[in-house]
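Where a number appears in this text, it was derived from the coordinates with a stated rule and is not lab data. Since this is a predicted model, take the numbers as computed values, not measurements. All Cβ positions, glycine included, derive from the backbone under ideal geometry; neighbour counts span all protein chains shown.
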Amino acid sequence: MMLPGFPDAAPLEGLGGGILIGLAAALMLLGAGRIAGVSGITARAVGISDGGISRDGAWAFLIGLPLGALITAALSGGLEAQFASPPFLIIAGLIVGIGTRMGSGCTSGHGVCGVSRLSQRSLVATVTFMVTGIATVAIMNVLGLEVL
Amino acid sequence: MIGRILPPLFSGTLFGAGLALGGMTNPARVRGFLDLFGDWDPTLAFVMGGAVIVMAIAWRFVPRMAHPLFAEKFALPTRTDLTPKLIGGSALFGMGWGIAGLCPGPGIAALVIQPSSAAIFVISMLAGMGIIRLVEGNS
């Protein structure tokens with residue numbers, strides 16, 4: 001399906017993917033009684049944080065992420081992906097690691113689980129990272145920094 | 001043991017499948033969404049909308065249960081304070097998200113899509129998390 005005015009958009013795939021992500025977060029709540037927040041679970045798995053989900057549970061969740069991506073890739077006949085060059089990946093990775101620990105979450109924990117719960121902290125966090133994300137891309141475009 | 005492993009494994013798998021289907025493992029699509037003042041790609045609004053609607057329904061019903069299926073009790077965030085650290089950290093995270101078009105979940109899921117690029121991102125992210133741990137001590 002095409003979205004009028006946005007020839008490159010994939011609204012149906014987006015909505016389907018979003019529903020799967022929502023179901024995944026719901027399953028985590030239903031089964032384990034916890035938030036499916038990827039940055040927190042990652043920190044827990046590698047021993048950077050001590051509390052929260054059990055360590056083997058954290059690894060199980062993290063192993064599931066590429067496993068699920070593989071399933072989608074297999075069913076859809078391959079996935080398109082265009083990545084930034086290593087210097088940008090390193091800078092971005094460092095900032096994302098620092099920011100998500102300081103801010104207690106990322107797009108999954110704050111953006112999906114917290115926003116849907118109307119958590120005040122998550123709503124503020126989500127608006128903040130959306131605004132700085134949009135501003136960063138806009139500034140990089142003005143400076144002519146081609147990343148991808 | 002099984003109850004401790006299977007719910008997160010199924011959740012993670014479903015999560016990764018959804019990220020890939022929604023286009024979030026393609027940084028070009030994520031940056032297209034953040035490029036609001038340029039060639040905007042609204043796809044991710046559908047991803048976030050779908051996820052939030054489903055999870056909002058789960059929040060209505062699941063916490064009313066006496067306990068989760070495979071745990072003794074719910075362990076959910078309770079903080080409500082808005083701190084400079086929350087806002088500053090989220091602001092930084094958004095900048096990193098904008099630079100490379102990757103956040104933690106898609107970065108890890110993409111380890112099977114473009115392994116070398118995703119690994120550089122994920123290792124750098126772990127280093128960033130480690131820096132905060134070193135600065136703050138145990139948390």
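Condition check: without any contact (Cβ under 8 Å) to a residue 12 or more places away in the chain and either within 7 Å of another protein chain (Cβ to nearest Cβ) or not in a helix (DSSP H, G or I) (or both). Does A:GLY93 satisfy that? Lay out the reasoning, then the answer.
Details: without any contact (Cβ under 8 Å) to a residue 12 or more places away in the chain: yes; either within 7 Å of another protein chain (Cβ to nearest Cβ) or not in a helix (DSSP H, G or I) (or both): yes.
Considered against the rule, which asks whether it is without any contact (Cβ under 8 Å) to a residue 12 or more places away in the chain and either within 7 Å of another protein chain (Cβ to nearest Cβ) or not in a helix (DSSP H, G or I) (or both), A:GLY93 comes out as yes.
Within region B:99-109, being farther than 18 Å from A:ALA36 by Cα, part of a helix (DSSP H, G or I) and touching a residue at least 24 places away in the same chain (Cβ under 8 Å) holds for one residue alone: B:ALA100.
Listed by first and then second residue, the pairs with beta-carbon distance under 7 Å, at least 6 apart or on different chains, first residue in region A:118-139 and over 12 Å from B:PHE37 (Cα atoms) and more than 7 Å from chain B (Cβ to nearest Cβ), second acidic (Asp, Glu) and part of a loop (DSSP other than H, G, I, E, B), form an empty list. Return the residue satisfying two criteria in turn: it lies in region A:100-114 and is part of a loop (DSSP other than H, G, I, E, B) and on the phi < 0 side of the Ramachandran plot, and of such residues it is surrounded by the most Cβ atoms within 10 Å (Cβ to Cβ). Top of the filtered list is A:CYS106.
For region B:127-138, check the following and say yes or no: at least one residue is within 16 Å of A:LEU89 (Cβ to Cβ) and crowded, with 18+ Cβ neighbours inside 10 Å. Within region B:127-138, one or more residues are within 16 Å of A:LEU89 (Cβ to Cβ) and crowded, with 18+ Cβ neighbours inside 10 Å.
Can B:ALA71 be described as outside any helix (DSSP H, G or I), small (Gly, Ala, Ser) and more than 7 Å from every other protein chain (Cβ to nearest Cβ)? Break it down stepwise before answering.
Numbers: outside any helix (DSSP H, G or I): yes; small (Gly, Ala, Ser): yes; more than 7 Å from every other protein chain (Cβ to nearest Cβ): no.
Here the answer is no, as B:ALA71 does not meet what is asked.
When the residues of region B:33-52 are filtered to those that are more than 7 Å from chain A (Cβ to nearest Cβ) and over 21 Å from A:LEU23 (Cβ atoms), the one that is surrounded by the most Cβ atoms within 10 Å (Cβ to Cβ) is B:PHE33.
The test for being of a type in the set (Phe, Trp, Tyr), closer than 17 Å to A:ILE35 by Cα, assigned to a helix (DSSP H, G or I) and more than 7 Å from chain A (Cβ to nearest Cβ) holds for B:PHE61.
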